[in-house]
Amino acid sequence: MENKQRKPGKQGKRPARREKPEFEQKLLNLARVTRVVKGGRRFRFRATLVIGDRKGRVGVGVAKGADVSDAIQKAFNDAKKNMISVVLVNGTITHEIDAKLGSAKVLLKPARPGQGVIAGGAVRAVVDLLGVKDIVSKSLGASNSLNVARVTVKALLRLKAPKEQAAVVAEEVTPEVSK
């Protein structure tokens, strides 16, 4: 019996495993935008992207590019620059919060464990990539996904950490007596 010869360079090589990316991403909107010039129309693409690590960090980015992949890459870099960190307690936010940006308004409320993410559209994308397991939300006013995502991030920025929230509640219950 003959020994089969292996091809040189193929000994013990396994296909390279792809590393898991640092951030997960969700494309909210991809639009073709037009600029009219003397010779006709110039088309570009605008991408709105939400990125997050599901561990309390999330960012929203928007960018234009000559092709779709270029716009998505630029939006990813923009979202990384605008990344925020939020303190989560038992998979939900610390307290009820609302925010307004332009005509977009969003209301976020903590939910009981096991209730799930009750949110739609851009709010769901943001809180899902943030890592929130239980939340109740309502989006009012604008239906523009970019504005709703930005106002959701603005609301999350206004959240107080649990210790700060306890101090605020204690201060409300026992106000200082002035002499």
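The values are calculated or read from the model by the stated rules, or taken from the named source; none is laboratory data. Computed from a predicted structure; not experimentally measured. Every residue, glycine as well, gets a Cβ built from its backbone with ideal geometry; the counts of neighbours run over all protein chains shown.
Checking each residue in segment 74-93 for being within 27 Å of Val136 (Cα to Cα) and small (Gly, Ala, Ser) picks out Ala79, Ser85, Gly91.
Could you count how many residues in segment 126-141 are hydrophobic (A, V, I, L, M, F, W, C), crowded, with 18+ Cβ neighbours inside 10 Å and either in contact with a helix residue (DSSP H, G or I) (Cβ under 6 Å, 6 or more places away or on another chain) or farther than 19 Å from Thr94 by Cα (or both)? Qualifying residue count, segment 126-141: 2.
Within segment 29-49, does at least one residue satisfy the condition of being modelled with pLDDT of 95 or more and within 13 Å of Val126 (Cβ to Cβ)? Scanning segment 29-49, I find at least one residue that is modelled with pLDDT of 95 or more and within 13 Å of Val126 (Cβ to Cβ), so the answer is yes.
For segment 4-22, the criterion of a residue being at pLDDT below 95 and within 28 Å of Asn147 (Cβ to Cβ) is satisfied by at least one position. Whether any residue in segment 24-32 is of a type outside the set (Asp, Glu), under 18 Å from Ser137 (Cα atoms), loosely packed, with under 15 Cβ neighbours inside 10 Å and out of contact with any Ser or Thr (no Cβ under 9 Å at 6 or more places or on another chain) is what I want to check. No, segment 24-32 has no match at all. Scanning segment 100-122 for residues that are farther than 13 Å from Ser145 by Cα, out of contact with any strand residue (DSSP E or B) (no Cβ under 6 Å at 6 or more places or on another chain) and part of a strand (DSSP E or B) yields one hit, Lys100. Inspection of segment 146-157 finds no residue satisfying the criterion of being of a type in the set (A, V, I, L, M) and modelled with pLDDT under 75.
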